[in-house]
Amino acid sequence: ELSAPGRGRADTRDTRMAGTTAEDEDRDRRPRKSPFQKLRREQRSLLCFVQALVGHLVVIETRDDVTTRGTLVEVDERMNCTLEGAQRVTVEQALEKKNSKFDRMFVRARLIRYVHVPARVDPAELIERRRQEEFDASRHYQAKVVFGPINPSPYDTSEEAQKIRAERAKGYAKH
């Protein structure tokens with residue numbers, strides 16, 4: 001029995017189960033991640049929701065009291081937004097009943113105070129559709145990596161992939 005000097009009990013630093021290493025014990029001590037924590041950052045935040053609004057008409061209020069209304073075209077990973085057919089209204093323009101129109105407008109993320117969502121949008125359905133699109137895209141690119149550009153993925157339903165499969169099937173039938 002190993003004992004700590006002057007204490008008369010076993011020293012836990014030197015006692016280890018046979019076959020285990022210090023790395024195994026460290027790994028066991030680390031807290032396990034919940035399914036929520038395993039999601040990417042943009043899926044855990046409202047960024048996923050704002051990205052799902054692409055193609056919808058939204059109103060963005062900025063910190064400098066400017067309201068911009070337009071069709072959301074793009075949202076990057078920092079939540080910078082690009083709007084098409086944008087109408088920008090400042091406080092002064094609102095008093096004069098004027099607004100500025102732009103074909104395309106970029107709004108920096110750090111300036112955004114609110115993003116108003118259209119009433120007809122179901123947030124849960126929108127987020128779920130966005131997550132499903134990301135999942136399908138990742139499966140598509142995984143299949144491209146695994147099967148390569150010459151071998152079509154079983155998930156690829158394009159005409160070109162179907163032609164390649166049909167030609168290969170004819171070749172196998174001859175043998």
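Figures for the structure shown
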read-out: Phi to ³J(HN,Hα) by Karplus 6.51 cos²θ - 1.76 cosθ + 1.60 over the range 122-136, Hz, x for Gly, Pro; value: 8, x, 5, 5, 5, 5, 4, 5, 4, 5, 5, 4, 5, 5, 4
read-out: Calculated from backbone phi, Karplus (6.51, -1.76, 1.60) coupling profile of the range 86-92 in Hz, x at Gly/Pro; value: 7, 10, 10, 10, 8, 4, 5
read-out: For the range 46-119: rounded, prolate or oblate by the Cα gyration tensor [a/c cutoff 1.5]; value: prolate
read-out: Label-to-label distance, nm, for residues given as Arg108 and Glu133 (7 Å Cα→Cβ offset); value: 2.8
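None of the figures in this text is laboratory data; all of them are computed from the coordinates on show. Note that the structure is a prediction, hence the values are computed from the model and not measured. For neighbour counting, all protein chains shown are included, and Cβ atoms are generated from backbone atoms with ideal geometry for every residue, glycine included.
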